[in-house]
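I have a structure here, written as structure tokens, and I will follow up with some questions on it.
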Amino acid sequence: MLRELTVANLALIDRLQLEFDQGLNILTGETGAGKSIIIDAVNLILGERFSAEALRKGAETVEVEAVFELEEDRGRPDLARALEEWGIPLGEDGLLVMEREARPGGRGRCRINGRTVPVFALSQVGSALMDIHGQHVHQSLLSPGRQRELLDDFSGQALKDRAEKVAALYERREAVREALSQVTLGEEEKARKIEFLTFQLQEIEAARLRPGEEEELMKEKELLNSAEELFSAASAAYSLLYGGDEPGAALDRLSESWQLLEKTVAIDARLQPLAEMLGEAAAQVEEASRELRLYREKIEFDPERLALVEERLDEIYKLKRKYGKSIAEILEYAEKIRKELAMVEGEEERLATLNRELVEIEEELATVALELSAFRKEAASELEKTILTQLVEVNMGKTVFKVDFRREEDEENGLPVAGEKLAVTRHGLDRVEFLVAPNPGEGLRPLAKIVSGGELSRLMLVLKVVLAEKDNIPSMVFDEIDAGIGGRTAQAVAEKLLFLSQTHQVICVTHLPQIASMARRHFYIEKKTAVGRTRVEVRTLDREARIDELARMLGGAEVTATTREHAREMLTLAASIGRGKS
């Protein structure tokens with residue numbers, strides 16, 4: 001609910017602060033006293049466009065602050081979504097503080113709980129907190145979507161169950177349609193894709209790549225390129241060890257040295273270890289020489305093999321440029337192609353499966369959507385009767401109220417229903433809208449097209465009363481609700497406002513004492529002039545002051561003992577009605 005409203009520098013308002021009750025709040029005052037300015041302030045905090053003409057003379061900025069107390073037991077998912085979207089924190093006190101500073105030229109600043117936000121955020125958050133009825137813009141019931149929601153709420157749990165089933169089936173249908181859009185390829189595109197993937201796979205498979213093959217070939221290439229150098233080195237080493245054309249090979253010298261020591265070992269046994277070492281060395285040199293000879297004989301001078309190796313490496317390089325940085329990556333890519341080919345080639349089967357699933361879902365959705373529509377129409381008939389009965393009590397007995405149902409064709413995306421393709425949403429097939437003809441001879445028109453502020457306010461009041469237990473917007477403002485009514489009608493409107501205030505906070509600007517007498521909190525608005533400046537002041541009236549104000553409203557400028565007594569009786573009656581409705 002709206003707990004406090006602070007306004008500064010708006011039109012004739014210098015600065016004022018109002019503290020509202022959670023029930024019925026009434027604003028009264030003489031014509032031109034400035035009651036509409038209070039409503040203008042509420043509209044500004046709810047994001048309405050600011051006009052520079054509304055700035056108080058001599059001031060630079062209009063300031064409006066509204067403190068809302070959020071009730072935990074009233075679920076408002078739209079409010080929760082809006083707060084989450086704008087990243088607005090809520091304190092433990094459950095208060096929501098909305099502030100707006102408006103300046104000429106479009107400059108200004110808006111904040112919610114201290115966080116700076118655009119004006120649109122005020123509108124989005126505020127629309128979940130308050131409705132303003134009359135010649136104003138914040139009227140959630142004027143939206144056909146909201147009207148359908150309220151009709152569903154009015155209908156009861158059986159309809160809600162079907163609405164939930166329709167929503168679930170609709171989501172399943174959309175999921176299958178999305179899957180179909182992903183899996184479906186045109187025949188030419190499909191053929192091109194299969195041809196391309198097959199070419200790539202065949203090219204890789206034809207190469208018959210082996211893991212580690214490239215490294216082996218690189219090593220072989222290096223050996224083939226170095227065959228002459230390796231042969232020369234092996235030959236030279238062999239000659240030095242085993243002998244060649246030149247005398248003095250290492251093996252001959254070692255053998256000679258060993259033989260000399262062997263002859264002297266008998267003389268000096270200390271030479272025995274040295275003789276054995278030379279003998280072992282000679283044997284190792286002889287073995288090494290034999291291995292060198294064999295190695296030299298195996299060295300290949302094979303240009304043809306080198307060409308083949310280089311050709312194979314070039315083939316691998318070309319594949320690497322196309323399919324991966326290594327043979328391992330190329331083989332991995334080939335496996336990926338196999339899977340993709342299998343998926344594309346198996347698309348027809350998946351397509352058939354999805355199409356069968358879509359047909360089954362759409363058949364069930366059409367059945368449940370038609371059931372939902374029938375429940376809605378039955379509920380609409382009951383709602384029409386209830387509304388018309390209520391309208392009689394507020395002097396609108398000649399008004400016609402109808403709930404209009406429409407369906408739209410949609411050849412591209414529609415749901416097949418009885419040979420037609422109808423537009424469908426998660427809410428079903430119905431486009432629901434409240435239609436009204438306020439006066440005899442006039443055609444039915446959408447609720448939003450009603451021109452008269454008084455008629456619109458009374459219509460809204462009746463709708464609010466009928467749907468009071470269903471509507472979760474906690475606060476509402478009624479302006480010009482008493483236009484053109486009086487007597488018994490005024491009393492009926494007053495009692496309906498009192499009834500509505502049992503479940504919602506109601507703020508009402510009125511000229512009728514019958515309505516004012518029902519107030520839980522009564523504000524008196526007046527203009528005062530001092531030092532050549534006029535300003536609007538607001539007082540909260542106690543019981544005696546309320547008697548005086550009701551007497552003024554009853555008798556005009558002259559307040560008499562009779563009008564005061566009548567006012568006192570009205571307060572007593574209002575109190576008894578209030579107790580009876582509690």
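The values are calculated or read from the model by the stated rules, or taken from the named source; none is laboratory data. The structure displayed is predicted, hence computed values, not measured ones. Virtual Cβ from ideal backbone geometry, glycine too; neighbours counted across all protein chains shown.
So the check is Cβ under 6 Å with 6+ separation or different chains; which pairs have a first residue in region 426-447 that's closer than 30 Å to Thr367 by Cβ and a second one that's assigned to a loop (DSSP other than H, G, I, E, B)?
Listed pairs, sorted by first residue: Leu429/Arg407; Leu435/Leu444.
Taking region 505-531 as the search range and keeping residues that are of a type outside the set (Gly, Ala, Ser) and more than 18 Å from Ile39 (Cα to Cα), which one is surrounded by the fewest Cβ atoms within 10 Å (Cβ to Cβ)?
If we take residues in region 505-531 being of a type outside the set (Gly, Ala, Ser) and more than 18 Å from Ile39 (Cα to Cα), then Val531 is surrounded by the fewest Cβ atoms within 10 Å (Cβ to Cβ).
With the structure loaded, tell me whether Ala468 is at pLDDT below 80 and either of a type in the set (Phe, Trp, Tyr) or not in a helix (DSSP H, G or I) (or both) or whether it fails that test.
Answer is yes for this residue.
Please report, ordered by residue number, the strands (runs of 3 or more DSSP E) entirely within region 383-462 with at least 2 residues that are within 13 Å of Ala369 (Cβ to Cβ).
In region 383-462, the matching strands (runs of 3 or more DSSP E) lie at 415-417, 420-422.
Might you let me know whether region 108-117 holds any residue that is within 26 Å of Leu497 (Cα to Cα) and modelled with pLDDT of 85 or more?
No, region 108-117 contains no residue that is within 26 Å of Leu497 (Cα to Cα) and modelled with pLDDT of 85 or more.
Another question, if that's okay. Checking Arg376 against (1) touching a Lys or Arg at 6+ places or on another chain (Cβ under 6 Å); (2) buried (at least 17 other Cβ atoms within 10 Å of the Cβ): exactly one of these is not met. Which one?
The one condition Arg376 does not meet is (1).
Between a residue in region 21-48 that is over 21 Å from Leu512 (Cβ atoms) and free of Cβ contacts under 8 Å to residues at least 60 places away in the same chain and any residue that is of a type in the set (Gly, Ala, Ser) and surrounded by fewer than 23 Cβ atoms within 10 Å (Cβ to Cβ), which pairs come within a Cβ distance under 7 Å, given they are 6 or more apart or on different chains?
Final answer for the pair search is Asp40/Ala54.
I need a count of the residues in region 510-564 that are assigned to a helix (DSSP H, G or I) and charged (D, E, K, R).
7
Residues of region 1-19 being within 36 Å of the chain's Cα centre (by Cα) and within 28 Å of Glu60 (Cα to Cα), which ones?
Result: Leu2, Arg3, Glu4, Leu5, Thr6, Val7, Glu19.
Report, by residue number, each residue of region 298-330 that is crowded, with 16+ Cβ neighbours inside 10 Å, in contact (Cβ under 8 Å) with a residue 60 or more places away in the chain and under 54 Å from the mean Cα position of the chain (by Cα).
Scanning region 298-330 gives Ile316, Leu319, Tyr323, Ile327, Ile330.
Right, here's the next one. Just name the residue that is nearest to Arg546 (Cα to Cα) out of those in region 26-83 that are touching a His at 6+ places or on another chain (Cβ under 8 Å) and among the hydroxyl-bearing types (Ser, Thr, Tyr).
Across region 26-83, the extreme among qualifying residues is Thr28.
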